[in-house]
Each structure stands twice: as C-alpha cells, then as structure tokens.
Amino acid sequence: MSIKELKGIHHVTAITSSAEKNYEFFTHVLGMRLVKKTVNQDDIQTYHLFFADDTGSPGTDMTFFDFPGIPKGNHGTNEISKTSFRVPSDAAIDYWAARFDRLNVKHKGVQEQFGKKTISFVDFDDQQYQLISDEQDSGVEAGTPWQHGPVPLEYAITGLGPLFVRVDRFDYFKEMLEKVLLFRETANEKSFHLFEVGEGGNGASVIVEHNTFLPQAQQGFGTVHHAAFRLEDKDMLDAWDERMRSFGFQTSGFVDRFFFKSLYARVAPQILFEFATDGPGFMGDEPYETLGEKLSLPPFLEPKREEIEQKVRPIDTVRSTKTFKKE
C-alpha cells in the first residue's frame, strides 16, 4: 500500500496536577467541550479527560492524565513545549486578551509569528498554550466551536493549531520530520522553524525551536506527554507502522484505543509521537447532548467498572442541565 501523508494534528495529551481544576479551566475559561471522561487504559486509577470541539472532531482535542503523586515537570529543551488552539480571526485574539485579563489568566499579550496573530498563556500548572488566528490561514479545516459553552461562537476555539517542539539537535529533527514524516519546512524566524504536512495550515503544522542552552526538560504535571497525528484508517496505520520500522524506529505496534486506533514511536529524546485514526470517534457510546458527563469505559474495561469507580474520585461534569452565559 502506498503511503499517504499525515492529515494534520490529531490530539495532544498532557499531564495535570488536578483533573478538577483542569475541567474548570477548559470548560469555564477556554470554553472547550469535555467530550469524554474516561481513564488511562494503561493505568486505570488515572483519569483521562478529552476536551474538543462541539462533537469531538479529530484535530480538535487536548487530553489530560492526572497521574497520582507525579511531581511537577520542568520546561526545557527536548520537549513538546507548547500546544496551540485555533480561533477564527484576529478580532478573536483581541477578545481573548481581554478575557484573560478579566479572568486573571497569565498571558504574554497579542504577538505575531509567521504572519499570524497569537497570544501565549499558561494554566495553573504552568502548562504552555497559545491561541492562533485563522484569519490568514488556509489548509486543514477547523472544527466547530462548542455551541453551548461560555464563549461567543465568533471568538470560540475551533481546534488544535501548531504544535511547538523544542530540541537541541535541530538538524536531526528536521531530517526526521522531512524524510520520515514527510513534513516540509515553509518558513523560519530566528530560532523557530515552521514545518507543514498534508494540506498544511494551522491544523497541520509543527513549529520547531532550536535551543541548546536550556536544561533538559523533565516530564511531570504541567508538561505534554505526547502528541498525535491524523491518519485515515487502520490500513494507513499499518502502512505507517511499516514505514517507521523501515527507518529504524521502534514502535508500539497497533493499539486499539476504542475511540481511535493508534501507533506510538519515540522519534527523538523525550519526544513521543502517536499516529491515530480519525474514527470511530467519541459519539459511539454517548448521545451528543450528554457527551462527557458519565464515566465512559472501552468495552474491554467495562467488566472492571465497579473497581474503577472505587479507584477514581467522582467529578461532576454534568453540563446539559446548565446554561452558560456567553460573555
């Protein structure tokens, strides 16, 4: 089977110190929809929360683990350093600057990078984020904002933007992106290099920062665990597994995550990439109206539901009975 290019970013998974605070921040501050409340399939005492667009479209979700007892991470070189979210326009960036001021969210003000208006900000864990304007964007289509969230739809988050990676061996990482993952470098500004894949644009970009002076990053809460790229289906996943192995990368082999099918490979020191299928998605086991409100378990964990519910503390994520005032 011939290889098809990656379709863009699928999801980003990070680590939080508190699933409860994380839910509050993404729901009430960022206005993203919790589309799945489940557990880490490899560590069932750990919550895995998925925040996305209105229907959990691929390319829109940021997910979080809350590993019990994990220490705070340290930002540095050799890490997935920042996650971006797309908003529709430059006016939306201005709206968010004012919103962050009002809600006491630390941010760096409106800036510009690679011709796009941006605003960088952090959460309670010092997790690094950025909003990016789609006004000058073309390429991968954005998702649909959460219709019933607290942010006016014309300003609301519509999906994932460029993934930031900071590395000390830029030449190696560039070669890996271009020769193995089939990205192309389209621009650079000082130590930042923009790579795009497939249709390109904000939803299919990686921004690589060459940095040799920061200490090595250390994973913990407040840092990214891994990032995933989109593939059409299981056949293409198998083809990419074969491709990664042909370049000498060790892979996880096929992993069925129920909501999508996956493959993992460590592509550089401390950089874990996943390749994930677009389907079947998050709508199969819960109705649209109450997505993310109950503890959702894949079929192979369902027999352990009672044990799991005793291990994870309850979090109230019911939103279908509430009305969020758009402000």
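Since every read-out is calculated from the coordinates, none of them should be taken as a lab result. Quick caveat, the model's predicted, so the values are computed rather than measured. Glycine gets a Cβ as well: all are built from the backbone with ideal geometry, and neighbour counts include every protein chain shown.
Straightening the chain between residue 315 and residue 179 buys 44.5 nm, computed as 0.36 nm per residue apart minus the Cα-Cα spacing. Each residue of region 172-182 is assigned a 3J(HN,Hα), and the resulting list reads 5, 5, 4, 4, 5, 4, 7, 7, 8, 8, 6 Hz, derived from the Karplus form 6.51 cos²θ - 1.76 cosθ + 1.60 (θ = phi - 60°), x at Gly and Pro. Bridge orientation summary for region 179-269: considering DSSP beta bridges with both residues in this region, about 100 percent are antiparallel.
At the listed q of 0.07, 0.14 Å⁻¹, the Debye profile of the chain, built from one uniform point per Cα, gives log10 I(q)/I(0) equal to -0.26, -1.13. Residue separation of residue 110 and residue 257 scaled by 0.36 nm, minus their Cα-Cα distance, works out to 49.2 nm of gained length.
Where the alpha-carbon atoms of region 127-225 are placed on the principal axes, they occupy 44, 32, 24 Å, in descending order.
Loop-located chymotrypsin sites (Phe, Trp or Tyr not before Pro) in region 232-308 (DSSP state not H, G, I, E or B) with no more than 13 neighbouring Cβ atoms inside 10 Å: 247, 254, 300. Contact order, relative form, for the chain: 24 percent (alpha carbon pairs under 8 Å, 6 or more residues apart, mean separation divided by residue count).
Note on region 158-313: dipole from Cβ charges, positive end direction compared against 263, 299, 201; the farthest Cα belongs to 263. As a rough footprinting exposure proxy, the listed residues 320, 18, 246, 84 were ranked by other beta carbons within 10 Å of their own, and the order from fewest upward is 246, 320, 18, 84. Structural descriptor for region 133-279: relative contact order 20 percent, calculated from alpha carbon pairs under 8 angstrom and at least 6 residues apart.
Sequentially through region 217-225, phi angles give Karplus couplings (6.51, -1.76, 1.60; θ = phi - 60°) of 5, 10, 6, x, 5, x, 10, 8, 8 Hz, Gly and Pro residues having no value and appearing as x.
Would you work out if region 1-101 is rounded, prolate or oblate? Take a ≥ b ≥ c from the square roots of the eigenvalues of the alpha-carbon gyration tensor; rounded if a/c is under 1.5, else prolate when a/b is larger than b/c, oblate otherwise. The shape class here is rounded.
A crude spin-label estimate for the pair residue 98 and residue 190, with each label 7 Å from Cα along the Cβ direction, gives 2.9 nm. Sequence-ordered 3J(HN,Hα) estimates for region 315-327 from the Karplus curve with 6.51, -1.76 and 1.60 and θ = phi - 60° stand at 10, 7, 10, 6, 10, 5, 9, 10, 10, 8, 6, 7, 9 Hz, glycine and proline given as x. Amide H contacts of residue 9: 204, 205, 230, each under 5 Å away and 5 or more positions distant or on a separate chain (H built 1.01 Å from N in the peptide plane; Pro and chain starts excluded). In plain terms, the residue of 106, 21, 322 with the fewest other Cβ atoms within 10 Å comes first and the most crowded comes last, giving 322, 106, 21. Suppose R0 equals 35 Å. What FRET efficiency, 1/(1 + (r/R0)^6) with r the Cβ-Cβ distance, do residue 239 and residue 169 give to the nearest 0.05? Given R0 = 35 Å and the Cβ-Cβ separation, E is 0.80. Placing pseudo-labels 7 Å out from each Cα toward the beta carbon at residue 247 and residue 322 gives an inter-label distance of 4.3 nm.
Dividing the summed -39500 (n - 2.57) terms of all DSSP H runs of n ≥ 4 by the residue count of the chain sets its mean residue ellipticity at 222 nm at -4000 deg cm²/dmol. Around the amide H of residue 17, modelled in the peptide plane, lie the amide H atoms of 222, all under 5 Å away and 5 or more residues distant in sequence or on another chain. Inter-part distance, region 291-307 to region 236-272, computed on C-alpha centroids, equals 26 Å.
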